[in-house]
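The values are calculated or read from the model by the stated rules, or taken from the named source; none is laboratory data. Just so it is clear, the structure is predicted and the values come from calculations on it, not from any experiment. Note that we place each Cβ from the backbone using ideal geometry, even for glycine, and neighbour counts take in every protein chain shown.
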Amino acid sequence: MQTIFGMNGVHEPQTRVYLAGPLFGMADQRFNCDLKKALQTIHSYTVHLPQSLGAPQDPDLVWQTCRSEIERSDVLVANFDGPIADDGTALEAEAALNLGKPVILFRTDVRGHESEGFNLMFRDPRFRKVTVRPDVLIEYLAEKLHTAIQEELHKSFSREQA
């Protein structure tokens, strides 16, 4: 966690969230920006959004930058909407899991998959899963994700202390 100074000079830890998800269409990018804003505004998270890197000119540089941001993050939150998970998002989620980071997968898509709405390849119990209906406000999704983030970070901290 990054330490910042609050208004009264007290150190306040700030959780770094890597927000993974489809980012190649206008609707995807708008949703990602809205969710990033909600997580930052409501809960003061520092949120890295890969689409902020712009159009991929150098694929190796994009992956290196994303990998570095995943390493720097405290938790990865991944949008698994759609009939199948975005392949880049799935790769980012697996990379974070392999680094020992808490990973939260979420769906707002009513189309089902094999297991709780998620692809069977993501049955690993280390993946935390959150589902909400597509007609809820983005702030509601942010609240559900906040609860999951806090619980996963607490579990992670408890494992480190054991």
Filter result for ALA85 (in contact with a strand residue (DSSP E or B) (Cβ under 9 Å, 6 or more places away or on another chain), surrounded by 15 or more Cβ atoms within 10 Å (Cβ to Cβ) and either among the acidic types (Asp, Glu) or modelled with pLDDT of 90 or more (or both)): no
Could you list, in sequence order, all residues of the stretch 49-67 that are surrounded by 13 or more Cβ atoms within 10 Å (Cβ to Cβ), assigned to a helix (DSSP H, G or I) and not polar (S, T, N, Q)? PRO50, LEU53, VAL62, TRP63, CYS66, ARG67
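Every residue, every condition in (1) in a helix (DSSP H, G or I); (2) without any contact (Cβ under 8 Å) to a residue 40 or more places away in the chain; (3) within 22 Å of THR15 (Cα to Cα); (4) of a type in the set (A, V, I, L, M), yes or no:
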residue: VAL47; (1), (2), (3), (4): no, yes, yes, yes
residue: GLU69; (1), (2), (3), (4): yes, no, yes, no
residue: VAL77; (1), (2), (3), (4): no, no, yes, yes
residue: ALA95; (1), (2), (3), (4): yes, yes, yes, yes
Single unsatisfied condition, ARG111 versus (1) of a type outside the set (A, V, I, L, M, F, W, C); (2) part of a helix (DSSP H, G or I); (3) free of Cβ contacts under 8 Å to residues at least 60 places away in the same chain; (4) out of contact with any strand residue (DSSP E or B) (no Cβ under 9 Å at 6 or more places or on another chain): (2)
When you look at LEU105, is it over 19 Å from GLN14 (Cα atoms), surrounded by fewer than 17 Cβ atoms within 10 Å (Cβ to Cβ) and free of Cβ contacts under 8 Å to residues at least 60 places away in the same chain, yes or no? no
Looking at this structure, is ILE104 of a type outside the set (D, E, K, R), under 23 Å from GLY25 (Cβ atoms) and under 13 Å from the mean Cα position of the chain (by Cα)? yes
Within the stretch 108-121, restricting to residues that are within 23 Å of PHE31 (Cα to Cα) and either aliphatic (A, V, I, L, M) or touching a His at 6+ places or on another chain (Cβ under 9 Å) (or both), the one that is modelled with the lowest pLDDT is ASN119
Is the stretch 130-138 home to any residue that is in a strand (DSSP E or B), out of contact with any Cys (no Cβ under 8 Å at 6 or more places or on another chain), hydroxyl-bearing (Ser, Thr, Tyr) and over 21 Å from ARG16 (Cβ atoms)? yes
Going through the stretch 127-152 in order, the residues found to be surrounded by fewer than 17 Cβ atoms within 10 Å (Cβ to Cβ) and over 14 Å from ALA38 (Cβ atoms) are THR131, ARG133, PRO134, ASP135, GLN150, GLU151
Test for ILE149: is it assigned to a helix (DSSP H, G or I) and either at pLDDT 90 or above or at positive phi (or both): yes
